[in-house]
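The next block holds one structure in the form of structure tokens; read it before the comments.
The values are calculated or read from the model by the stated rules, or taken from the named source; none is laboratory data. Keep in mind the model is a prediction, meaning the values are calculated, not measured. Cβ atoms come from the backbone with ideal geometry, glycine included; neighbour counts cover every protein chain shown.
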Amino acid sequence: MTKDETVDVYLGLDVGKGEHHATALTPAGKKAFDKPLPNTEPKLRELFAKLQARHGTVLVVVDQPASIGALPLAVARDMGCQVAYLPGLTMRRIADLYPGEAKTDARDAYVIADAARSMPHTLRAIDPADETTAELQMITGFDDDLTTETTRIKNRLRGLLTQIHPSLEQVLGPRLDHPAVLALLERFGSPAQIRKAGRRRLVTLLRPKAPRMAERLVDDIFTALDEQTVVVPGTEAAALIVPSLASSLAAVLDQRKVLAIRIEQLLEAHPLSQVLTSMPGVGVRTAARILIDVGDGTAFPTAGHLAAYAGLAPVTRSSGSSIRGEHPARRGNRQLKRALYLAAFASLKQPESRAYYDKKRKEGKHHVAAVIALARRRIDVLFAMLRDGTFYQAPAVTSA
């Protein structure tokens, strides 16, 4: 939306799963519509057409451009309406300027419409980058679900192996991501079955998926098998469960590979892709998470606000005149915090990150606290990169 475009009616939608609340205002601030609106294409088209016929150009504004706000925007575009969205944080600040403290759908819809009418500078255009972010959000959400499922299956597999043969679990458990190990467990679900298969057969099975480590892995497996002679109760039952779990884990990991390819394709189409991935430790999935939760950073006035949102701003705990030190925040966006933490950990290979981490360790911080401190420091850099649209530049490494 540009300043030169004329709007004859401002339609604010407080979007919901089953229905939205729609409030339409004229440029003079008079209500032209104020009712719940079912989240269906026919009803949306009916309202948009009615407003166009009576008033002219319609600007449809939502507070969520993705998920539950996707259909209204798609229908509005198809009917030639202008579209925009009011970021949630901005809307909440604006809402504080209006009388009353109740938070209702009708009030929120009015705030959205009136902000569009009287404060058009608060609106954000919905461009192809936002469409990319919406698709990223959907795919990344599914990927997060698969990550949880991966962890669950791994824990179940490792638990079963530990129960029936701890030594074998120590060899196979840390390698459950490897397709060779999963192929082995899909075929042979118990220590007895693995031993009966023999070394040569196992090497033949594993070599296509692990050319360089097949023989070494088989040697480690048989060394572990020799360390236990008794059969633990439940081993036969585990022999039925382990192959099924291994097959399920392999399928989930394959799904994640497919999603990773699509996430990378979407990321490459986003204008901020190269900016984000220029930062050490920020890979495809981390960059996607930043785009989904942070966007271009304009919703955050300062790097400190972004750090607080991510749960990486330290919190001082005090009682009376005694201060008990700073501790990591327990609030914030947990998924974003985890992504930024892992990115900081991955960046320790870089001299500047390692120098800062070592400095914090010398100050007495334990490993996790030192990485969190590094992640917080990197937010300042990330915020500046998003604000200026510039690539990462390594700071000078100073001796501690």
| message | For the list (1) out of contact with any His (no Cβ under 8 Å at 6 or more places or on another chain); (2) surrounded by 15 or more Cβ atoms within 10 Å (Cβ to Cβ); (3) farther than 13 Å from Leu161 by Cβ; (4) not polar (S, T, N, Q), I need the number of the one condition that Pro243 fails. | response | (3)
| Across the stretch 349-370, what is the total count of residues that are out of contact with any Leu (no Cβ under 8 Å at 6 or more places or on another chain), in a helix (DSSP H, G or I) and without any contact (Cβ under 8 Å) to a residue 40 or more places away in the chain? | 5
| task | Please identify the pairs in which a residue from the stretch 50-78 that is within 15 Å of Leu25 (Cβ to Cβ) has its Cβ atom under 6 Å from the Cβ atom of a residue that is among the polar types (S, T, N, Q) and part of a helix (DSSP H, G or I), counting only partners at least 6 apart or on another chain. | result | Val58/Gln52
| field | Residue among Leu340, Leu336, Leu382 that alone is at pLDDT below 95, closer than 16 Å to Thr286 by Cα, not acidic (Asp, Glu) and not in a loop (DSSP other than H, G, I, E, B) | value | Leu336
| message | Quick check on this structure: which one of Tyr10, Tyr98 is aromatic (Phe, Trp, Tyr), in contact with a helix residue (DSSP H, G or I) (Cβ under 7 Å, 6 or more places away or on another chain) and assigned to a strand (DSSP E or B)? | response | Tyr10
| query | Taking the stretch 71-107 only, how many residues are at pLDDT 85 or above and farther than 17 Å from Leu59 by Cβ? | reply | 5
| note | Across (1) surrounded by fewer than 15 Cβ atoms within 10 Å (Cβ to Cβ); (2) of a type outside the set (Gly, Ala, Ser); (3) within 21 Å of Thr235 (Cβ to Cβ), Arg158 clears everything bar (1)
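For Tyr110, state whether it is assigned to a helix (DSSP H, G or I) and of a type in the set (Ser, Thr, Tyr). So that I can check it myself, show each step before the final result.
On the way: assigned to a helix (DSSP H, G or I): yes; of a type in the set (Ser, Thr, Tyr): yes.
Considered against the rule, which asks whether it is assigned to a helix (DSSP H, G or I) and of a type in the set (Ser, Thr, Tyr), Tyr110 comes out as yes.
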| field | the stretch 209-224, subset surrounded by fewer than 19 Cβ atoms within 10 Å (Cβ to Cβ) and in a helix (DSSP H, G or I), residue nearest to the chain's Cα centre (by Cα) | value | Ala214
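Looking only at the stretch 280-315, which residues are aromatic (Phe, Trp, Tyr) and in a loop (DSSP other than H, G, I, E, B)? Spell out the reasoning first.
Filtering the stretch 280-315 for residues aromatic (Phe, Trp, Tyr) gives 300, 309.
Phe300, the sole residue that qualifies.
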| Would you call Arg377 charged (D, E, K, R), surrounded by fewer than 18 Cβ atoms within 10 Å (Cβ to Cβ), assigned to a helix (DSSP H, G or I) and assigned by TED's automatic domain parsing to the domain that holds Thr277? | no
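Return a yes/no flag: does the stretch 225-236 have any residue that is surrounded by 15 or more Cβ atoms within 10 Å (Cβ to Cβ) and closer than 16 Å to Ala250 by Cβ. Before the answer, list the steps.
Quick first cut of the stretch 225-236, residues surrounded by 15 or more Cβ atoms within 10 Å (Cβ to Cβ) only: 225, 235.
When the remaining residues are screened for being closer than 16 Å to Ala250 by Cβ, the result is none.
For the stretch 225-236, residues surrounded by 15 or more Cβ atoms within 10 Å (Cβ to Cβ) and closer than 16 Å to Ala250 by Cβ: absent.
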